[in-house]
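Engineer: Below is a structure I'd like to ask you about.
Please treat every number below as a calculation from the coordinates, not as lab data. Keep in mind it's a predicted model, so treat the numbers as computed, not measured. All Cβ positions, glycine included, derive from the backbone under ideal geometry; neighbour counts span all protein chains shown.
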Amino acid sequence: MTLPNHFELLATDGTARTGQLTTPHGVVRTPAFMPVGTAGAMKGLYWREVREAGSDIVLGNTYHLMLRPGAERIAALGGLQRFTGWGGPMLTDSGGFQVMSLSELRKLTEHAVTFRSHIDGVKVELSPERSIEVQRLLGSDIAMQLDECVRLPADRADIDRAMQLSLRWAERSKRAFETAPAGYMLFGIVQGGDVPELRKVSARELADIGFHGYAIGGLAVGEPQAVMLHMIEEAAPLLPADRPRYLMGVGTPDDILEAVKRGIDMFDCVLPTRNGRHGVAFTRFGAINLRNARHANDPRPLDEESLWPSTREISRAYLNHLVRSGETLGAMLLSEINIAYYQHLMAGIRDAIANSTFAEFYERTRAGWAQGDIAPV
């Protein structure tokens, strides 16, 4: 069954693409970065700041929300957008990442994965059908198929087994999604680890099954960047060109720029807020560690040309003081600064592709990172 297409490709520049994805809760401009709100919240940020930074869509996690506060409770309270106050488009992960990250707490069978809750030890079953049911109760605009993600490096036999299981679960997920209201979307997930042949098999078979969009999963889980980029090059050309392509769990600004160059449209990662909580700012000069003592007497802001007020106005000396003192405000400020930088990067990417200047933008951006954060003499 061919699913309706809610993605419009607006321009290309080489393999890089820009477009828009229309969801029940708004339009998502692509390439898009989705800040991660695992439990329905951004760590250290208000939704207002996430919106004002330029975020069109955010990510929530099926496994964590299913355990607490519970999908049925969220549904009774009006769905995830109303419950959280975000109100805009949301994508929910299926729980597949937890199949890998919580491997000590789960049992995997053909039918489902059974977790022992990390909260209270209660056993919870997550099948492809239950994963879709939970995501529909949450009301997410984009649901993901349940898959098995394998930590790399791994034996080829294990990667092959997980990829084949993920394909069977993809078919079950699509059947379970058939009753979803019009406008809501389901994405399939390409697996295959670091084995090019398996990535190709997965991409082709998922395209045959047919989804609203396609994700490339199982990367940024231990492999070098060169391997990740090679797997994108193997899989992305085999996915339908008129559907969005999502690289899951990626990544650094450098990863994003390289993946866009290879035709990826959507990204998510915890790095902007996680690194912010650890004293690191992302800027056009690269990553800046505010714990470094050289910032203690530096009155300059992180970037006096930034459009984001906190980046432009707050001194490095004050940020250094907050971080080294363990003040919560330091983590909050750096998290908003990082989200704002990521969204500024995405806006620049979209404009460059639309104006056929992506190659120049790519070189200029990388040159800025290479220049580094030069302290005053």
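Engineer: Expected output is a single nm value to one decimal: the length gained when fully extending between ILE119 and ILE374, i.e. 0.36 nm times separation in residues minus the C-alpha distance. What is it?
Structural biologist: 87.3 nm
Engineer: In the range 106-146, which GluC sites (Glu not before Pro) fall in coil by DSSP and have 16 or fewer other Cβ atoms within 10 Å?
Structural biologist: Here the sparse-neighbourhood loop sites are GLU110.
Engineer: Give me TRP47, TRP86, TRP169 ranked fewest to most by other Cβ atoms within 10 Å of their Cβ, as a rough exposure proxy.
Structural biologist: Placing the least packed residue first, the sequence is TRP47, TRP86, TRP169.
Engineer: Then there's this: Taking the number of other C-beta atoms within 10 Å as the exposure measure, put HIS64, HIS25 in order starting with the fewest.
Structural biologist: Values: HIS64 16, HIS25 21.
Fewest to most other Cβ atoms nearby, the residues stand as HIS64, HIS25.
Engineer: Rank PRO309, PRO253, PRO31 by mean-square fluctuation in a GNM of the chain with C-alpha springs under 10 angstrom and give only the top-ranked residue.
Structural biologist: In the Gaussian network model the winner is PRO309.
Engineer: Considering only lysines 8 or more places apart in sequence, or on different chains, count the pairs in the chain whose C-alpha atoms sit under 24 Å apart.
Structural biologist: On the way: LYS107/LYS123; LYS107/LYS174; LYS174/LYS200; LYS200/LYS261.
Qualifying lysine pairs in the chain: 4.
Engineer: When the Cα atoms of the range 10-136 are enclosed in a convex hull and the volume is divided per residue, what value in Å³ results? Intermediate values should be presented prior to the final figure.
Structural biologist: Values: hull volume 18.0 nm³, N = 127.
So the per-residue Cα hull volume is 141 Å³.
Engineer: For the chain, what is the percent of antiparallel DSSP beta bridges, rounded to the nearest 5?
Structural biologist: 50 percent
Engineer: Moving on to the next point. What relative contact order, as a whole-number percentage, does the range 113-244 give when Cα pairs under 8 Å and 6 or more residues apart are counted?
Structural biologist: 22 percent
Engineer: Within the chain, which whole H helices from DSSP have a Cα span along their axis of at least 27 Å and a mean Kyte-Doolittle hydropathy of 0.5 or more, if any?
Structural biologist: Correct list, ordered by number: 328-354.
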